[in-house]
Amino acid sequence: MSGGISRRAFLDGAVGASAAAAIPARAASAKPGFLWGAATAGHQVEGNNVSSDIWLLEQLKPSPFKEPSGDACDSLHRWREDVAIVRSLGLNCYRFSVEWARIEPEPGQFSQAFLDHYAAMVDHCRDQGLAPVVTLSHFTAPRWFAARGGWQNPDAPALFARFADRVARRMAGGISHAVTFNEPNLQKLGEWGKTPKNGATRAMFETMLTAAARACGSDRFAVLNAGDAEAVMQPILFGHAQAKAALKAVRGNLPVGLSLALPDDQAVGRESRIEEKRRAVYGPFLDAARTDDFIGIQTYNRALVDAKGPVAAPAGAEHTQTGDEYYPQAVGNAARYAHRATGRPVLVTENGIATEDDTQRIRFIEGALASIDAAKADGVPLVGYIHWSLLDNFEWLSGYGPKFGLVAVDRTTFKRTTKPSARAYARLVAARA
Ligand code: BGC
């Protein structure tokens, strides 16, 4: 969970593989070469994700969410329009997530209709010449999963792998790259260097989770990136490994990885704690990524670290709508680090800026793509660049305030309006084709 609490404050079974026939990649329409894309995530754009854990948190009174997600961008019904926009920009990749809460709204009850729904998205992307990058866990999980203790439940990795198996059996052939977890290190990133670990935020989350447990008639309720980050790290890593195995059991050559929240960390002074930070916030995930097919990175800013810990941006620095330092070249630097630390190819699964000033977004994209060019020229094996986000969408705790989109969405009619920055991005991509 991120956003509202702003990225800096917390920003945010049995696997039935043996039963599954191994399926080949749908290669015919796969576009080779560098992936240029735009991203969304189910809960943030689909609307009415009523069986999910976060939906319940949004309904609490009081709730730390500024507003509920409601209909979001109604992409549950308008996803073809979204895909058409991606295509119209000349991109060759669309990243989206499959919502576990829709596919398995009650434990063990799988929805064929929603599996078909997401499979249709994958197929349609392929038909349109777009590589579908599919995320299995983009912060949300089914409400029942949270009410059983989320990632603190010993069954969690197997439950997640069972879900991954169902997804794989229905659509693995068409997926370009599968991302198991989106930013499983986000809370660690937000808490690092804070004393005590972000006390007020933690207390607020605890109150929220206690109220949610009560609403479910459970004694527990746990969601990603809002609980005990240390306690769930190992289970999440098991979940990643088991989900990857489930996906690979169905399609052995499906590229699988996870995506980390990864700012461009920069040392200030000689005694900087930067390496300590890297070990604590990324270390175990980078270790896991070493045996993955790629490492996904999600970069929004740089983070200065001195001998004491995090340092504020320099006086006079330009900022974004969510308070990050405006620093477009961060993404290229983060890609270099991710490759150096893992030896794996790097897929930028998110990079973007919250701003009401679209000219700032245009400058940001120009700077970000220049830093990607430079990293590539230095030999960093980059797989692709996926901009966050395609649409102005539900930014978690901040609701519909921050504007990350290349495309504006009318909150009442859901009409999509392509911004000048989308066209600028399209031109910059075309120039590199
Ligand atoms: C998340 C997105 C979020 C974005 C901007 C990332 O933390 O993956 O869901 O909207 O950053 O805050």
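The values are calculated or read from the model by the stated rules, or taken from the named source; none is laboratory data. Everything numeric in this text was worked out from a predicted model, so none of it was measured. Cβ coordinates were reconstructed from backbone atoms using ideal geometry, including for glycine residues, and neighbour counts include every protein chain displayed. Heavy atoms of the whole protein, side chains included, go into the accessibility calculation; ligands, DNA and RNA do not. Shrake-Rupley method; radii C 1.70, N 1.55, O 1.52, S 1.80 Å.
Quick notes
- When only the Cβ of Lys, Arg, Asp and Glu is charged (+1, +1, -1, -1), the dipole of segment 230-362 relative to its Cα centre reaches about 700 debye.
- Dipole of segment 261-393, positive direction: furthest Cα of Ala261, Ser371, Gly343, with charges on the beta-carbon: Gly343
- Counting charges near Phe114 (Lys, Arg +1; Asp, Glu -1) among other residues having Cβ under 12 Å from its Cβ returns a value of -1.
- For the pair Ala307 and Lys194, the difference between a 0.36 nm per residue extended length and the Cα-Cα distance amounts to 39.3 nm.
- Distance (nanometres) between label positions extended 7 Å along Cα→Cβ at Asp123 and Leu428: 3.6
- Unit charges at the beta carbon, dipole of the chain: most positive-side option, Ala164, Leu186, Gly108: Ala164
- Note on segment 29-139: with charges restricted to the Cβ of Lys and Arg (+1) and Asp and Glu (-1), its dipole about the Cα centre is near 400 debye.
- Prolate/oblate/rounded call for segment 243-377, Cα gyration tensor, a/c under 1.5 rounded: oblate
- Taking all protein chains together, Lys308, Lys248, Lys376, Lys415 sort by accessible area into Lys308, Lys415, Lys376, Lys248, largest first [probe 1.4 Å].
- Shown is the FRET efficiency for Ser88 and Glu318, computed with R0 = 45 Å from the Cβ-Cβ distance and rounded to the nearest 0.05: 0.90.
- Zone residues, segment 59-100, relative to Lys376, backbone N less than 16 Å from point 7 Å out along Cα-to-Cβ: 90-93
- Summing Lys and Arg as +1 and Asp and Glu as -1 over all other residues whose Cβ lies under 10 Å from the Cβ of Phe221 gives a net charge of +2.
- The residues of segment 44-133 expose, per residue, 35 Å² of accessible area to a 1.4 Å probe.
- In this simple spin-label model, placing a label point 7 Å from the Cα along the Cα-to-Cβ direction at both Ala231 and Arg80 gives a separation of 4.7 nm.
- Note on Arg170: accessible area is roughly 90 Å² with a 1.4 Å probe, heavy atoms of protein only.
- Sequence-ordered 3J(HN,Hα) estimates for segment 78-87 from the Karplus curve with 6.51, -1.76 and 1.60 and θ = phi - 60° stand at 9, 4, 5, 5, 4, 4, 5, 5, 4, 5 Hz, glycine and proline given as x.
- For the chain, the equivalent ellipsoid derived from the Cα gyration tensor has semi-axes of 28, 26, 22 Å, listed largest first.
- Taking all protein chains as they are arranged and a probe of 1.4 Å, the heavy atoms of Met204 leave approximately 70 Å² accessible to solvent.
- Part-to-part distance (alpha-carbon centres) for segment 161-185 and segment 339-382, which is given in Å: 24
- Per residue of the chain, the DSSP helices (runs of n ≥ 4 H) give a summed -39500 (n - 2.57) that works out to -12500 deg cm²/dmol at 222 nm.
- Theoretical FRET efficiency, 1/(1+(r/R0)^6), r = Cβ-Cβ of Gln329 and Ala113, R0 41 Å, to 0.05: 0.35
- The residues neighbouring Gln242, those whose beta-carbon lies less than 15 Å from its own, together hold a net charge of +1 under the Lys/Arg +1, Asp/Glu -1 convention.
- Heavy-atom surface analysis with a 1.4 Å probe gives the chain a carbon and sulfur content of 53 percent of its accessible area.
- Segment 319-433 - charge dipole about Cα centre, Lys and Arg +1 at Cβ, Asp and Glu -1, debye rounded to 20: 400
- Stretch gain in nm, segment Lys61-Glu366, where the contour uses 0.36 nm per residue and the Cα spacing is subtracted: 105.5 nm
- Furthest towards positive pole of dipole, Ser137, Ala222, Asn153, structure part the chain, Cβ charges: Ser137
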